Amino acid sequence: MNKAWWKESVIYQIYPRSFCDSNGDGVGDLNGITSKLEYLKELGINVIWLSPVYKSPNDDNGYDISDYQAIMDEFGTMEDFDKMLAKAHSLGIKIVMDLVVNHTSDEHKWFIESRSSRDNPKRDYYIWREPKNGKEPNNWGSFFSGPAWEFDEKTGMYYLHCFSKKQPDLNWENEEVRQAVYNMMTWWCDKGIDGFRMDVISLISKIDGLPDVDTKGGKYGHCILGTANGPHVHEYLQEMRNKVLSKYDLLTVGECAGVTIEEAKKYANSQGTELNMVFQFEHTDIDARDTPDGKWYKDKIDLVKYKKILSDWQTELNEVAWNSLYFCNHDQPRIISRLGDDSDQWREKSAKCIATCLHMMQGTPYVYQGEELAMTNYPFKDLSDYRDLESINAYNEWKGTRPEAELLEAIAYKSRDNARTPMQWNDSENAGFTTGTPWINVNPNYTKINAAEQLKRPDSVFNYYKKLIELRRFSEHSDIIVYGDYTLLMPEDDKIFAYERKLNGKTLVVACNLSGEKAEFFAPKELALNEYRQILSNYDGEFSLKNMMLEPWQAIVWVK
Ligand code: NOJ
């Protein structure tokens, strides 16, 4: 397998709005990030993925960009950005930018021009269609509820928006649009950034003719059905590689809604003609139902299925493409409240167990801010506590169709705002995130879950993540952890997630009891079990590799 620095990296995602506020306005900012770079250095990561910091009216917290080459007022200035980049580089930390080019803000100058008249030169930068029988051109629904089309009075036509109506989709079929995007990317690369995380890049090429899609009994059909992995997406990404990416040494990861393993083999192919890796959603969508309101349920995760999904990605991509490894990001509820147990009794053990399970796999791991502290979901009660338009729109769309309490409980469980509450730095007011009024409530558990406390406690979740990262990046086992082949053990077991990694005669065995009860682990059937030694466990003691009972949330890693 070809080696590469981006395969050997550990990435930390920062959601700037919620990370650290340096000026007391209640919103995180670039200087706040700069002030915390030593903390990240201590954790051991070497790459930051920065969620969008560009100028934006903030309809979708910066994923609606009005100027790609300017910094959002609340986050600071371009000078602040340059300082942050320079300091990160001096600490050996790279910065990967979020590239949001499936859509812009409706306040971007391209869209302002585009909507101004039917014959404006930028008209074709976006996707405009005539009404059909006085209504939307097709039945596509947006990711954020309601139709994916907005009627524009001025010119009497509809424009497409897969997300909010303030996020019109760019028309990638227009060569000028593509060139404008490449120019902007080149400008950032010349500034010295180290890569791109590409927002919903799998959606940029829409299906020919924009036909109606299956509504699954709802009012609209999900626009993902007409946009994911469209006819020209690979051609566009190859063009992007030729025109921009190939000229720099970058890390590229495509957020690929709707991606299958077969498609991922193209996006992240090991010949390197498109992207380095993709974010897939099969495992995060595991507990969504196949109905129009499918996300908004609190169903239990089926561990056997979950293991199969993650394992299929491991084995299928081996040698032909590259995996990204993640459980958390700014769009997902906290994994500890979903797959783990966020009670005082098991929070730390289960966080370490889940982390072991992910970080010992093949691929490049991503840590989302606060995950390294086992930050939990927020105890949402009142609708007025939400800031995320997806959650608020979902409530308005589905209220009345189901018992109110059940709907609210599901939204509280799945809301993206769970990931967006402020980073918990210490036990002072507002968790040390801001001296002002935070833009979204701080989780009240910050007095017991915070970085200051964990940094000084050797058995904290933070220090466990540090060990996991050290093992992967700096130990004698780095190669097998990064590159080794993967085989799932005990596939039918509904408590234990165990697997084996192999490389050049060396073997690594990982056993994680992802349950709150004791569970029996069956060691691989081989003779030399006594040659294995433990290199990590979240329980005190030395455990030899053999058939054994694992304690609740126990994780052990052995190597031979
Ligand atoms: C995916 C991003 O991760 C999410 O936060 C955003 O709302 C949509 N894309 C639209 O940009």
Going through GLN314, GLN345 one at a time, which residue ends up being closer than 24 Å to ALA498 by Cβ, among the polar types (S, T, N, Q) and open to solvent by less than 20 Å² (accessible area, probe 1.4 Å)? GLN314
Given the structure, is SER515 farther than 29 Å from SER337 by Cα, in contact with a strand residue (DSSP E or B) (Cβ under 9 Å, 6 or more places away or on another chain) and modelled with pLDDT of 95 or more? no
Starting from residues that are more than 16 Å from the ligand (Cβ to nearest atom) and in contact (Cβ under 8 Å) with a residue 40 or more places away in the chain, keep the ones in segment 253-265 and report whichever is most open to solvent (accessible area, probe 1.4 Å). LYS265
For segment 235-252, which positions are assigned to a helix (DSSP H, G or I) and open to solvent by 30 Å² or more (accessible area, probe 1.4 Å)? GLU235, GLN238, GLU239, ARG241, ASN242, LYS243, SER246, LYS247
Any idea which of SER460, SER478 is among the polar types (S, T, N, Q) and open to solvent by 10 Å² or more (accessible area, probe 1.4 Å)? SER478
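Considering only residues that are open to solvent by 30 Å² or more (accessible area, probe 1.4 Å) and aromatic (Phe, Trp, Tyr), which ones fall in segment 379-394?
Within segment 379-394, none qualify.
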Select from segment 256-301 the residues that are among the charged types (D, E, K, R) and farther than 18 Å from LEU358 by Cβ and list them in ascending order. GLU262, GLU263, LYS265, LYS266, GLU274, ARG289, ASP290, ASP293, LYS295, LYS298, ASP299, LYS300
Per-region count, segment 28-46, residues in contact with an Asp or Glu (Cβ under 8 Å, 6 or more places away or on another chain) and either part of a helix (DSSP H, G or I) or surrounded by fewer than 23 Cβ atoms within 10 Å (Cβ to Cβ) (or both): 6
Identify, from the list LYS191, LYS206, the residue that is open to solvent by 20 Å² or more (accessible area, probe 1.4 Å) and touching a residue at least 12 places away in the same chain (Cβ under 8 Å). LYS191
Lone unmet requirement of (1) open to solvent by less than 30 Å² (accessible area, probe 1.4 Å); (2) more than 23 Å from VAL367 (Cβ to Cβ) for ALA268: (2)
Where THR77 falls short, out of the listed (1) more than 16 Å from the ligand (Cβ to nearest atom); (2) touching a strand residue (DSSP E or B) at 6+ places or on another chain (Cβ under 7 Å); (3) within 30 Å of ILE480 (Cα to Cα): (3)
Subset of segment 272-302 (residues that are surrounded by fewer than 16 Cβ atoms within 10 Å (Cβ to Cβ) and polar (S, T, N, Q)): THR273, THR291
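Here is a check on your reading of the model: is HIS108 within 16 Å of the ligand (Cβ to nearest atom), farther than 19 Å from ARG17 by Cβ and not small (Gly, Ala, Ser)? Walk me through it before giving the result.
Working: within 16 Å of the ligand (Cβ to nearest atom): yes; farther than 19 Å from ARG17 by Cβ: yes; not small (Gly, Ala, Ser): yes.
Answer is yes for this residue.
The values are calculated or read from the model by the stated rules, or taken from the named source; none is laboratory data. All values reported here derive from a predicted model rather than from experimental measurement. When we count neighbours, we look across all protein chains shown, and the Cβ atoms used for this are built from the backbone with ideal geometry, even at glycine. The accessibility values were calculated without ligands, DNA or RNA, using every heavy atom of the protein model including side chains. Shrake-Rupley method; radii C 1.70, N 1.55, O 1.52, S 1.80 Å.
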